[in-house]
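Remarks on the structure that follows.
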Amino acid sequence: MKKPTGFIEWNSNMLASSLKKIRIEIIWIVILDAIFYLLSGYFFIFWLQRVQAKMNSFNMPSDIMSLGYERAQQLVTEVKSFYYLIFFSFILLLLAIIFLAAVAKGIIWAKTTKTKITAKLISKFLVLSTIWMGFWFALVILSSLLAEPASARFFMAAAAIIGIYFTNILYPIFMKSQAYKSIFKAFRLGISKLHLFILPYILALLLLYVLLKAASFLKFQHSGILAFAAILAYSAAARYYFSELAYDIAK
């Protein structure tokens, strides 16, 4: 991997190179991203409302045995069935979000990395996304279940941040090779070259934090939509930069 004389100069060149690659298709990238997040949010809210409605339908008395043995047994069975329903419907919800991500994010990363979009690419990206997102979803859920309540949020946030870090390395590498072994390469690269990735990612997160803070001061009508669009545009531009970093570091 050939780099200029200094780390800062190298990063500056990577940033300049990535900005030159941004074209009008960034608008479509932002639109696809918005559709993905809005649909995912809609699916989650719909699932949550159905679960809450079902929970409210249970009229659980303080003394369940006052209902009589048979009715109490029936109620317990119904509650167990309800919890199984929650579990399996939640799995279906995650699979639906993963499918949406495979289509939307597959097209987004293909456009970002100038990769030709084909049915084969999207189908392979679907398999990759199922493995990859399934792993990180499982890690976040296990963090919430196994960690102490006081530290559960920290572990969940840490898992999410680490997942985003490796995702921004994996997806551009996969788009180039379209091989599932890219997962192992992304882990190896992300760990062994952490010293090259860490500063750009910290600066990107700080800039995102500043953008979020600035957006919080917007109080006019539809300011939330503008803030949402600005964050998506920033994320789209950042993908070009992360892709450029991943490609150059992987050389």
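The values are calculated or read from the model by the stated rules, or taken from the named source; none is laboratory data. The shown structure was predicted, so the numbers you read here are calculated from the model rather than taken from an experiment. Note that we place each Cβ from the backbone using ideal geometry, even for glycine, and neighbour counts take in every protein chain shown.
Considering only the stretch 134-155, how many residues are closer than 17 Å to I91 by Cβ and outside any helix (DSSP H, G or I)? Number satisfying all stated conditions: 0. Put simply, of I173, I131, I164 the only residue that is of a type outside the set (D, E), part of a helix (DSSP H, G or I), within 21 Å of A246 (Cα to Cα) and touching a helix residue (DSSP H, G or I) at 6+ places or on another chain (Cβ under 6 Å) is I173.
This table checks each residue for (1) closer than 29 Å to L142 by Cα; (2) in contact with a Ser or Thr (Cβ under 9 Å, 6 or more places away or on another chain); (3) of a type outside the set (K, R).
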position: I98; (1), (2), (3): yes, yes, yes
position: A102; (1), (2), (3): yes, yes, yes
position: I107; (1), (2), (3): no, no, yes
position: T118; (1), (2), (3): no, no, yes
position: L126; (1), (2), (3): yes, no, yes
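Among the residues of the stretch 203-251, which ones are out of contact with any helix residue (DSSP H, G or I) (no Cβ under 8 Å at 6 or more places or on another chain), at pLDDT 90 or above and among the β-branched types (V, I, T)? Once the filter is applied, which keeps residues that are out of contact with any helix residue (DSSP H, G or I) (no Cβ under 8 Å at 6 or more places or on another chain), at pLDDT 90 or above and among the β-branched types (V, I, T), the stretch 203-251 yields only V210. Residues in the stretch 17-30 that are among the hydrophobic types (A, V, I, L, M, F, W, C) and exposed (fewer than 15 other Cβ atoms within 10 Å of the Cβ): L19, I24, I27, W28. Remark: pairs (first residue in the stretch 3-23, within 13 Å of L199 (Cβ to Cβ); second residue surrounded by 15 or more Cβ atoms within 10 Å (Cβ to Cβ) and modelled with pLDDT under 80; Cβ separation under 7 Å; 6+ apart in sequence or on different chains) = W10/K3. Annotation for the stretch 188-195: at least one member residue is under 28 Å from I122 (Cβ atoms) and touching a helix residue (DSSP H, G or I) at 6+ places or on another chain (Cβ under 8 Å). Looking only at the stretch 33-54, residues that are of a type outside the set (K, R), more than 17 Å from A101 (Cα to Cα) and in contact with a helix residue (DSSP H, G or I) (Cβ under 8 Å, 6 or more places away or on another chain) come to 2 in all.
Of the listed requirements (1) in contact (Cβ under 8 Å) with a residue 24 or more places away in the chain; (2) closer than 26 Å to I26 by Cβ, S123 misses just one: (1).
Every listed requirement among (1) of a type outside the set (S, T, Y); (2) modelled with pLDDT under 90; (3) part of a helix (DSSP H, G or I); (4) loosely packed, with under 14 Cβ neighbours inside 10 Å is met by N59 save one, (3).
When the helices (runs of 4 or more DSSP H) confined to the stretch 176-251 are screened for residues that are of a type in the set (A, V, I, L, M) and free of Cβ contacts under 8 Å to residues at least 24 places away in the same chain, those reaching at least 3 such residues are found at 194-216, 223-250. When the criteria are applied in full, I183 meets the requirement of being under 20 Å from the mean Cα position of the chain (by Cα) and surrounded by 13 or more Cβ atoms within 10 Å (Cβ to Cβ).
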